[in-house]
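A.B. asks: Next up is a structure, given as structure tokens.
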Amino acid sequence: MTVPDRTGSVGRSYPRLDGSAKVRGQAVYADDIALPRMLHCKILRAQAPHARILSIDASAARRLPGVVAIITGRDLPIRFGILPVSQDEAALEEHKVRYVGDPVAAVAAVDEETAAAACEAIEVEYELLTPVMTIEEALKEATDEPIQESFSRRRDNIHRLVSYEFGDLEAGFAAADHVREDVFFFQGNTHLPMEQHSAIASHVDGRLTLWSSTQVVHYVHRALSRVLELPMNRIRVIGAVHGGGFGGKTDPFAHEIVVGKLAMLTGRPVKCTLTREEVFYAHRGRHPTLLWYRTGVTRDGRITAMHLRTALDGGAYGSYGAASVFYTGTLQTVTYDIPAYKFEGVRVYTNKAPCGPKRGHGTPQGRFGIELHLEKIAHELGLDPVEVKRRNFVKPFSRTVNWLRVTSCGLEECTAKVLEASGYAQRERRTGHGMGFAISAYMSGAGTAIYWNDMPHSEVQVKVDRTGATVYCGAMDIGQGSDMVLAQIAAEELGIEPRDVRLVTADTDLTPVDLGSYSSRVTFMAGNAALEAARKMRALLVEAVADRMGVADLEEIDVGGGRIGEFSFEEACVIATTRFGALSTTGSYKPPRIGGPFKGSGVGPSPAYSYSAAVVDVEADPRTGIVTVGKVWIAHDIGRSINPLLVVGQVEGGVYMGLGEALMEEQEYRKGLHKWPSMLEYKSPTFLDTPPIETFLVETIDPEGPYGAKEAGQGPLLPVIPAVNAAVFDALGVWVDETPITPEKVLRALDAKAKGKPPRHGPRSFPAVPYGEPIRVDPPARDDLRVGAELEAAFGQTPGAH
Amino acid sequence: MPTWLDREVEKAVVRLLLNGEEVEFLAPVHKTLLEVLREDLGLTGTKHGCELGECGTCTVLIDGRPQLSCLVLPLQVEGRPVTTIEGMAAGASDHPLQAAFAELGAAQCGYCTPGMLLVAKSLLEANPRPSRAEIQEALAGNLCRCTGYAKILEAVELAASRMVAT
């Protein structure tokens, strides 16, 4: 690709724009907001995992001094949910509760303590139902009734089933010299943002304003409008400074709707901040997932066919689950060339906190499985696992068997970097020491909107007037630094410094719609929209300046260093405003249609994939089973690094979070109760548990990303987890085929090995699932890179879905 | 019926030396220092992650030593110097730790940052040239979910080197 090197701000490390506010305690997070006459809200939550609500008596609670309003499910009967197919949640449940923590009633009172006391005084009579706590139980017919009667299939608790066959699986397996099956389990875990969710609502002049610690103001806006039955033009949602999301603040939540309703009822501002325990119940974290892989390979390790089955424990509600189930299976083909691929997935409802999108959304489970499965295949064939993986790497600018389009791909370079830096090939081989290698890919934004529409995914406005430039964008900076990226892009095009660009973001009254900070989409999509808007503005400024200078050829007008032609940027703004009047430009980005001609092809396509490779070094003590990570080397194909400081920060954060999932983090239940809804008992890595991380950024300059950029927020987490397991095998010769690798599991695997059993610990079987007949899809030509209308026009001529 | 409403809520007048200024306030005796700082005194720079003494986020300095403000009652620290994040910078100029955190990207979402900074300040005052292990040990009670701690470590080292040099 021949994108000229930038001369301005793109590619340079700048600290974030709000860095000073954050180190001085001046940044205003949602819970820091206090409005005059503000009431405090507490939510009464179910204490039974599965029960019918027979009655709710709030009369005693209402009599408590200081209680201003109490609402129950009757006040908020309209159901909602992030996906159109899963409108299965209520802000407050009226007839039934489905997990411990399900919201039932809400109190607005003069202070938090009174609100909490009133919640305790509300009498709820339940009829207990049998809780369903495992995937296996959920697949069976329900004992009394399904958890979600309207959304389950038949009498069981199956939420979604998907089944696809791409290419000729039978022929693929027939061509194999060797076939292997493995079963893995990926445990659920949670985001654990440092900030507890918080929302504050104010209803003035018939208009509702909500400040929230959300990742997506637009989705909260939609849910409020639906449930509160207010037109969207009467609602304003503002993203407060964000204290960490990782996917956990991407759904609209009960407390956001409840404070809106209470503000409308009381005429006073109402705030609700979740306790840490409630944050564990809000969850929407990693789905516990069982995976079964069957793969055929040639003698030299080339994949001929792969069959994957996954089963996801979804918890009590849909959330993003209908997409999550696809994500466990769709992206395997984006790293490895699989000529024939069958994928079957199921998501079940259980009586647990709802699962949803956590950093990597559905793909860490599938990535964990495929990386370990290929390791095992290589060992069985007596081949080097790294070589086997390399032999199967996808080619840049190709199309996968399931119709995903791969553009730039730095897998080879990433692999070479980490192998060399870690000295993997020459690693010290002794019992208790090992290294593991793994790779991954992730989307730079989903190719399809979560609710059907043909509008842009990102819209940006750039305004210039006599006071300078301002960028308006609906995206929410959740700490990753997306505001800085927008400022840098505008600054690059306008020839000024990023700090001279004013930003207005994540405010539904002021900013055009952006689908928000999830799916690793902001730099790519909002970035592309900002680039378009800024380029249009630059053209206007250049034209006005050229006119003033009497220069006919616009190419002669240099932009940069705070100058446009012979004028300062400020002078150019005055000249252009004088010439054209009010100056505002817009940019939009909508990913092209990429998916193939079959139902369900919308999950998985992305305009570009990032790639990562990691090597993890561990000490694994055979006496105690304790695994200590010594160092992580990671290389990430970022496309182009718009701000290396921020990108490295994202990579390091992803590696850290991956290590937590690999070694200790788990959302576990006992007798219907969350086993450890506290930060002390839910183990996450501390400063002392986090090893040095050496990061390499690989630039492949993607043709579609802004300046060639791709994502960084999620991909780098993915290879870390299987690399830890591979390193433990390297150290001790045993497999722990599930997460997290606790000392107990290591010892169990060593024990199995000592007894002459298969040297592993992990699930032994995969349950029977009624996946049904697959949708059979003919693969595209591997060099067919058509997208959009061109691709759609071709669907008529190419053999598509049967 | 809830018990606390049945009895008089005992309140007390408390005086603190807060960020070098004398402050006096009336608050229920069971209200934590964290709550009083944020809700009564308007110092929302002190954050909270659990309110159970588990995450380190709400750390303030009392007599220069890190304390979890969610576990401290104001009466316990009556008359003693309390430093919050708002008291860390000297007027317009950042403390070297603040400057280093902002410069190196040690604050991403920034929510754990006030607590981290105050613990680091106390560390560098007691030990101006800490080793990496000493920094990690000192900050091990403060959780961060964004950074993987890498940039925080670098920022503390950078600030320490600058402070020793001046």
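A.B. asks: For a quick check of your reading of the model, give me the residue pairs whose first member lies in region A:104-133 and is farther than 18 Å from B:His30 by Cβ, whose second is at pLDDT 95 or above and of a type in the set (D, E, K, R), with beta-carbon atoms closer than 6 Å and at least 6 apart or on different chains.
C.D. replies: Here the result reads A:Val104/A:Glu93; A:Val107/A:Lys42; A:Cys119/A:Lys42; A:Glu123/A:Asp57; A:Glu127/A:Arg52, each pair linking region A:104-133 to a residue that is at pLDDT 95 or above and of a type in the set (D, E, K, R).
A.B. asks: Among the residues of region B:123-137 satisfying the criterion of being part of a loop (DSSP other than H, G, I, E, B) and free of Cβ contacts under 8 Å to residues at least 24 places away in the same chain, which is nearest to the other protein chains (Cβ to nearest Cβ)?
C.D. replies: Among them, the one singled out is B:Ser131.
A.B. asks: Also, I was wondering about something else. Run B:Ala140 past the list (1) within 7 Å of chain A (Cβ to nearest Cβ); (2) more than 25 Å from A:Lys631 (Cα to Cα); (3) free of Cβ contacts under 8 Å to residues at least 12 places away in the same chain and report the number of the one that doesn't hold.
C.D. replies: Looking at each condition in turn, B:Ala140 falls short on (2).
A.B. asks: Could I ask something else about it? Any residue in region A:466-478 that is surrounded by fewer than 24 Cβ atoms within 10 Å (Cβ to Cβ), of a type outside the set (Lys, Arg), out of contact with any Phe, Trp or Tyr (no Cβ under 7 Å at 6 or more places or on another chain) and farther than 29 Å from A:Tyr29 by Cα?
C.D. replies: So far as region A:466-478 goes, no, none of its residues is surrounded by fewer than 24 Cβ atoms within 10 Å (Cβ to Cβ), of a type outside the set (Lys, Arg), out of contact with any Phe, Trp or Tyr (no Cβ under 7 Å at 6 or more places or on another chain) and farther than 29 Å from A:Tyr29 by Cα.
A.B. asks: Now, a different point. Just one of the numbered conditions (1) crowded, with 17+ Cβ neighbours inside 10 Å; (2) in contact with a strand residue (DSSP E or B) (Cβ under 6 Å, 6 or more places away or on another chain) is not true of A:Ala142; which one?
C.D. replies: The failed condition is (2).
A.B. asks: Filter region A:690-709 for residues that are of a type in the set (Gly, Ala, Ser) and either within 14 Å of another protein chain (Cβ to nearest Cβ) or buried (at least 24 other Cβ atoms within 10 Å of the Cβ) (or both) and give the result.
C.D. replies: Passing the criteria: A:Gly705, A:Ala709.
A.B. asks: Sticking with this one: On the given criteria, is A:Pro644 closer than 22 Å to A:Glu420 by Cα and touching a Gly at 6+ places or on another chain (Cβ under 9 Å)?
C.D. replies: Considered against the rule, which asks whether it is closer than 22 Å to A:Glu420 by Cα and touching a Gly at 6+ places or on another chain (Cβ under 9 Å), A:Pro644 comes out as yes.
A.B. asks: Which of the numbered conditions does A:Ala552 fail, given that it passes all the others? Conditions: (1) surrounded by 19 or more Cβ atoms within 10 Å (Cβ to Cβ); (2) hydrophobic (A, V, I, L, M, F, W, C); (3) without any contact (Cβ under 8 Å) to a residue 40 or more places away in the chain.
C.D. replies: Failing condition for A:Ala552: (1).
A.B. asks: Inside region A:184-294, counting only helices (runs of 4 or more DSSP H) that do not spill past its ends, which hold 2 or more residues that are within 14 Å of chain B (Cβ to nearest Cβ) and charged (D, E, K, R)?
C.D. replies: Helices (runs of 4 or more DSSP H) meeting the threshold: A:276-282.
A.B. asks: Another question, then. Give me the residue from region A:19-32 that is part of a loop (DSSP other than H, G, I, E, B) and closer than 13 Å to A:His242 by Cβ and, out of that set, nearest to the other protein chains (Cβ to nearest Cβ).
C.D. replies: A:Ala27
A.B. asks: Taking A:Tyr327 as the residue in question, decide whether it is touching a residue at least 24 places away in the same chain (Cβ under 8 Å), crowded, with 24+ Cβ neighbours inside 10 Å, aromatic (Phe, Trp, Tyr) and closer than 21 Å to A:Asp177 by Cα.
C.D. replies: So A:Tyr327 fails the test.
A.B. asks: Tell me, yes or no, whether region A:654-667 has at least one residue that is in a loop (DSSP other than H, G, I, E, B) and within 14 Å of chain B (Cβ to nearest Cβ).
C.D. replies: yes
A.B. asks: Please go through region A:379-404 and give me each residue that is in a helix (DSSP H, G or I) and closer than 29 Å to A:Val777 by Cα, ordered by number.
C.D. replies: Selection gives A:Val388, A:Lys389, A:Arg390, A:Arg391.
A.B. asks: On to the next question. Could you grab me the full set of residues in region A:108-136 that are touching a Pro at 6+ places or on another chain (Cβ under 9 Å), more than 9 Å from chain B (Cβ to nearest Cβ) and part of a helix (DSSP H, G or I)?
C.D. replies: A:Ile135, A:Glu136
A.B. asks: If you don't mind, another one. Being more than 14 Å from chain B (Cβ to nearest Cβ) and in a helix (DSSP H, G or I) is the filter here; which residues of region A:466-487 pass it?
C.D. replies: Hits for region A:466-487 are A:Leu486, A:Ala487.
A.B. asks: Considering each of A:Leu54, A:Leu92 in turn, give the residue that is in contact (Cβ under 8 Å) with a residue 60 or more places away in the chain, outside any loop (DSSP other than H, G, I, E, B) and within 25 Å of A:Leu129 (Cβ to Cβ).
C.D. replies: The match here is A:Leu54.
A.B. asks: Same structure, new question: Being out of contact with any strand residue (DSSP E or B) (no Cβ under 9 Å at 6 or more places or on another chain) and outside any helix (DSSP H, G or I) is the filter here; which residues of region A:703-732 pass it?
C.D. replies: A:Pro703, A:Glu704, A:Gly705, A:Ala709
A.B. asks: Pairs under 6 Å by beta carbon, first residue surrounded by fewer than 18 Cβ atoms within 10 Å (Cβ to Cβ) in region A:159-183, partner basic (Lys, Arg), six or more apart or different chains?
C.D. replies: Going by the 6 Å Cβ cut-off, the qualifying pairs are A:Asp177/A:Arg299; A:Glu181/A:Arg294.
A.B. asks: Pairs please, first residue from region B:96-122 and more than 8 Å from chain A (Cβ to nearest Cβ) and on the phi < 0 side of the Ramachandran plot, second anywhere and of a type in the set (S, T, N, Q) and buried (at least 24 other Cβ atoms within 10 Å of the Cβ), Cβ atoms under 7 Å, 6+ apart in sequence or on different chains.
C.D. replies: Here the result reads B:Ala106/B:Thr147; B:Gly115/B:Thr57; B:Gly115/B:Thr59; B:Gly115/B:Asn142; B:Met116/B:Asn142; B:Leu118/B:Thr59; B:Val119/B:Thr59; B:Val119/B:Asn142, each pair linking region B:96-122 to a residue that is of a type in the set (S, T, N, Q) and buried (at least 24 other Cβ atoms within 10 Å of the Cβ).
A.B. asks: Just to be sure, is A:Ala530 surrounded by fewer than 24 Cβ atoms within 10 Å (Cβ to Cβ), in a helix (DSSP H, G or I) and of a type in the set (Gly, Ala, Ser)? Can you show your working first?
C.D. replies: On the way: surrounded by fewer than 24 Cβ atoms within 10 Å (Cβ to Cβ): no; in a helix (DSSP H, G or I): yes; of a type in the set (Gly, Ala, Ser): yes.
No.
A.B. asks: Considering region B:28-47 alone, what residues qualify as being out of contact with any strand residue (DSSP E or B) (no Cβ under 9 Å at 6 or more places or on another chain) and not charged (D, E, K, R)?
C.D. replies: B:His30, B:Thr32, B:Gly42, B:Gly45
A.B. asks: Test A:Glu112 against the stated conditions and say whether it is assigned by TED's automatic domain parsing to the domain that holds A:Gln47 and loosely packed, with under 14 Cβ neighbours inside 10 Å.
C.D. replies: Working: assigned by TED's automatic domain parsing to the domain that holds A:Gln47: yes; loosely packed, with under 14 Cβ neighbours inside 10 Å: no.
So A:Glu112 fails the test.
A.B. asks: Further, regarding this structure: Give me the residue from region A:733-760 that is in a helix (DSSP H, G or I) and free of Cβ contacts under 8 Å to residues at least 24 places away in the same chain and, out of that set, farthest from A:Glu661 (Cα to Cα).
C.D. replies: Taking region A:733-760 as the starting set, the residues that turn out to be in a helix (DSSP H, G or I) are A:743-754.
In the following step, the residues that additionally are free of Cβ contacts under 8 Å to residues at least 24 places away in the same chain were identified as A:748-749, A:751-754.
On the way: A:Arg748: 19, A:Ala749: 19, A:Asp751: 24, A:Ala752: 24, A:Lys753: 25, A:Ala754: 27 Å.
Of everything passing the filter in region A:733-760, A:Ala754 is farthest from A:Glu661 (Cα to Cα).
A.B. asks: With the condition kept exactly as written, say whether any residue in region B:144-153 is closer than 17 Å to B:Asp94 by Cα and either more than 10 Å from chain A (Cβ to nearest Cβ) or in a helix (DSSP H, G or I) (or both).
C.D. replies: yes
A.B. asks: Given the conditions (1) in contact with a helix residue (DSSP H, G or I) (Cβ under 8 Å, 6 or more places away or on another chain); (2) modelled with pLDDT of 95 or more; (3) closer than 29 Å to A:Ser482 by Cβ, and given that B:Glu86 satisfies all but one, which numbered condition is not satisfied?
C.D. replies: It fails just one condition, (1).
A.B. asks: Scan region A:488-502 for residues that are surrounded by fewer than 23 Cβ atoms within 10 Å (Cβ to Cβ) and more than 14 Å from chain B (Cβ to nearest Cβ) and jot them down.
C.D. replies: Passing the criteria: A:Gly495, A:Glu497, A:Asp500, A:Arg502.
A.B. asks: Restricting to region A:668-689, what's the tally of residues that are outside any helix (DSSP H, G or I), closer than 23 Å to B:Ile135 by Cβ and either more than 10 Å from every other protein chain (Cβ to nearest Cβ) or in contact (Cβ under 8 Å) with a residue 24 or more places away in the chain (or both)?
C.D. replies: Number of matching residues: 4.
A.B. asks: Assess whether B:Cys55 counts as being within 7 Å of chain A (Cβ to nearest Cβ) and over 13 Å from the mean Cα position of the chain (by Cα).
C.D. replies: no
The values are calculated or read from the model by the stated rules, or taken from the named source; none is laboratory data. Since the model is a prediction, treat every value here as computed from it, not as a measurement. Here the Cβ is made from the backbone with ideal geometry for all residues, glycine too, and neighbour counts use every protein chain on show.
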